[in-house]
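The values are calculated or read from the model by the stated rules, or taken from the named source; none is laboratory data. Given the structure is predicted, the values throughout are model-derived calculations rather than measurements. Every residue, glycine as well, gets a Cβ built from its backbone with ideal geometry; the counts of neighbours run over all protein chains shown. What goes into the accessible areas is simple: the full protein's heavy atoms, side chains included, and nothing from ligands, DNA or RNA. Shrake-Rupley method; radii C 1.70, N 1.55, O 1.52, S 1.80 Å.
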Amino acid sequence: MQIREATLEDLAAILDIYNEVIATTTAVYNDDPLTPGEFAIWFQDRAAAGYPVLLAEDENGRALGFSSFGDFRARPGYRFTVEHSVHLTADARGQGIGTALVQALLPYAQALGKHTILGAVDADNEGSIRFHEKLGFVQVGRLPQVGFKFGRWLDLVYLQRFIDETSSGPAPDA
């Protein structure tokens with residue numbers, strides 16, 4: 001398995017992974033699959049912001065999963081905080097690939113001067129919550145019934161990790 005920066009040529013494979021997650025899980029609170037055009041805009045927005053989209057692939061070049069991060073809220077006061085995504089093919093889950101993809105994001109966030117990375121996880125997804133906690137994320141909030149999918153209300157859990165693994169330090173000069 002290798003992790004590399006994704007290119008436009010990888011978008012179809014990444015979109016297939018994302019749309020499978022939409023169709024079969026509550027990891028993403030979308031009801032409908034994304035179109036290639038919508039996903040291309042998402043990819044271009046990440047690139048324009050200087051944010052990574054990383055792809056994990058097997059030795060045959062098959063996409064196993066991807067990770068990325070984006071801005072957390074649009075206000076300038078949040079500019080040092082990002083929210084990440086990591087999604088895998090169903091057969092790649094539980095093999096350490098997600099761990100490698102999230103860990104690979106951290107140097108990018110640090111190089112961009114980010115202080116905090118967040119994960120937003122469906123509260124019923126105990127596996128994802130444990131996964132984040134093993135990576136040093138801490139549960140910092142629960143938003144009851146903010147999502148609705150598959151005919152039921154969903155709670156969202158926020159998990160946080162400091163990029164430099166500390167919550168103290170001087171304020172940035174920005």
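Calculate the spin-label point distance for residue 111 paired with residue 16, positioning each point 7 Å from the Cα along the beta-carbon direction, and give it in nanometres.
2.9
How large a share of the accessible area of the chain, in percent, is made up of carbon and sulfur atoms when the probe is 1.4 Å and the other protein chains stay in place?
With neighbouring chains kept in place, the figure for the chain is 51 percent.
Report the residue, chosen from 143, 54, 159, that carries the largest GNM mean-square fluctuation when the chain is represented by alpha-carbon nodes joined by springs under 10 Å.
Checking each option, the largest mean-square fluctuation is seen for 143.
Could you tell me the largest-minus-smallest coordinate of the C-alpha atoms of the stretch 67-145 on each of the three principal axes, in descending order and whole angstroms?
38, 32, 20
Of the labelled options (1) 10.3; (2) 12.9; (3) 9.3, which one gives mean projected area of the Cα convex hull in nm² as computed for this structure?
Identified label for the calculated read-out: (1).
Just tell me, in residue order, which DSSP H segments of the chain are both 18 angstrom or longer along the helix axis (alpha-carbon based) and at least 0.0 in mean Kyte-Doolittle hydropathy.
Span-like helices here: 11-24, 97-111.
Can you show me the helix-derived [θ] at 222 nm for the chain, built from DSSP H runs with n ≥ 4 at -39,500 (n - 2.57) apiece and divided by the number of residues, rounded to the nearest 500.
-9500 deg cm²/dmol
About its Cα centre, how strong a charge dipole does the chain have in debye, to the nearest 20, once Lys and Arg get +1 and Asp and Glu get -1 at the Cβ?
560
Mind checking the full-extension length gain between residue 146 and residue 164? Use 0.36 nm per residue of separation minus the Cα-Cα distance, one decimal, nm.
That pair, residue 146 and residue 164, stretches by 3.5 nm at full extension.
What is the mean projected area of the alpha carbon convex hull for the stretch 1-82, to one decimal in square nanometres?
Spelled out: convex hull of the Cα atoms, projected over all directions, averaged, 6.1 nm².
Over the chain, give the accessible area per residue in Å² for a 1.4 Å probe, as an integer.
Value returned for the chain: 55 Å² of accessible area per residue.
Sort out the exposed loop GluC sites (Glu not before Pro) in the chain (DSSP loop, at most 15 other Cβ within 10 Å) and tell me the longest stretch that has none.
60-164
Between residue 7 and residue 38, how many nm apart are label points set 7 Å from Cα along the C-beta direction?
Simple spin-label model gives 2.7 nm for this pair.
Residues in the stretch 57-98 near a label at residue 49, defined as backbone nitrogen under 20 Å from the 7 Å Cα→Cβ point?
Answer for this model: 66-88.
Fully extended, how many nm does the chain gain between residue 25 and residue 126 (0.36 nm per residue separation, minus their Cα-Cα distance)?
35.1 nm
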